[in-house]
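Report on one structure; see the data block that follows.
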Amino acid sequence: MGTKQPVSVLVVIHTADGQVLLIERADKAGYWQSVTGSREGEESLRETACRELLEETGLDASQHQLSDWQLHNRYEIYPHWRHRYPDGVTHNDEYVFGLQLAQPLSVQLAPGEHTAQQWLPWQQAAELVFSPSNAAAIRLLPSRLGLESA
């Protein structure tokens, strides 16, 4: 395993009525998030999204509705995670996707990566995630799904 590329995907797993699946990081208790992961090799961002979905939840993106939200976030990498990247890399480029499921499913978490999962209404999910870009993406769901954003 080499150093990580500072290019990643964020995949918001949700239902048509705005419920969102969050998974809890194994390395940081209380850190809830959507599926995320860094690009490997020369794969496309869509391929990264599909691979991370399969690795972190066991979900096969081809069986559901995967959409590229055309959203790009650039943020500073938390200092405690910078050792995973090449020397001098301080920022990461994150690209947002959504995976829509017909109904909330229990997923197969990757042992050692995530310890718990829960489905929440989007408002609560956005409050709970630790990453500001993750919260911002979840808050876009109502407009993407044509829901009332009340």
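Worth a mention:
- Residue count, region 45-61 (criterion: surrounded by fewer than 21 Cβ atoms within 10 Å (Cβ to Cβ), without any contact (Cβ under 8 Å) to a residue 40 or more places away in the chain and not basic (Lys, Arg)): 4
- Of the helices (runs of 4 or more DSSP H) lying entirely inside region 62-150, those carrying at least 2 residues that are surrounded by 13 or more Cβ atoms within 10 Å (Cβ to Cβ) and more than 14 Å from the chain's Cα centre (by Cα) are 122-128, 141-145.
- Unmet criterion (only one of (1) farther than 9 Å from residue 99 by Cβ; (2) in contact (Cβ under 8 Å) with a residue 12 or more places away in the chain; (3) in a loop (DSSP other than H, G, I, E, B)) for residue 42: (2)
Yes/no matrix, rows are residues, columns are (1) in contact (Cβ under 8 Å) with a residue 60 or more places away in the chain; (2) of a type in the set (S, T, N, Q); (3) closer than 15 Å to residue 57 by Cβ:
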{"position": "84", "(1), (2), (3)": "yes, no, no"}
{"position": "87", "(1), (2), (3)": "no, no, no"}
{"position": "90", "(1), (2), (3)": "no, yes, no"}
{"position": "98", "(1), (2), (3)": "yes, no, yes"}
{"position": "133", "(1), (2), (3)": "yes, yes, no"}
{"position": "141", "(1), (2), (3)": "yes, no, no"}
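- Some residue of region 52-59 being in contact with a Gly (Cβ under 6 Å, 6 or more places away or on another chain) and among the charged types (D, E, K, R): yes
- Filtered by the rule that a residue be modelled with pLDDT of 95 or more, touching a helix residue (DSSP H, G or I) at 6+ places or on another chain (Cβ under 8 Å) and not small (Gly, Ala, Ser), region 74-104 gives 89, 90, 94, 95, 96, 97, 99.
- Taken as a whole, the condition of being part of a strand (DSSP E or B) and among the hydrophobic types (A, V, I, L, M, F, W, C) does not apply to residue 59.
- Qualifying residue in region 93-100 (condition: over 15 Å from residue 12 (Cβ atoms) and either in contact with a strand residue (DSSP E or B) (Cβ under 9 Å, 6 or more places away or on another chain) or of a type outside the set (Phe, Trp, Tyr) (or both)): yes
- Close pairs (7 angstrom Cβ cut-off, 6 or more residues apart or separate chains): within 17 Å of residue 59 (Cβ to Cβ) and touching a residue at least 24 places away in the same chain (Cβ under 8 Å) in region 105-129, assigned to a loop (DSSP other than H, G, I, E, B) and not acidic (Asp, Glu) anywhere: 107/58; 107/59; 108/58; 113/26; 114/26; 117/107; 117/109; 119/104
- Yes/no for residue 88 being out of contact with any His (no Cβ under 9 Å at 6 or more places or on another chain) and either aromatic (Phe, Trp, Tyr) or under 20 Å from residue 5 (Cβ atoms) (or both): yes
- In the set 35, 9, 20, only one residue is closer than 15 Å to residue 114 by Cα and crowded, with 22+ Cβ neighbours inside 10 Å; that residue is 35.
The values are calculated or read from the model by the stated rules, or taken from the named source; none is laboratory data. This one's a predicted model, so the numbers in the text were calculated from it and none came from an experiment. A quick note on method: Cβ atoms are made from the backbone with ideal geometry, for glycine too, and the neighbour counts reach across all protein chains shown.
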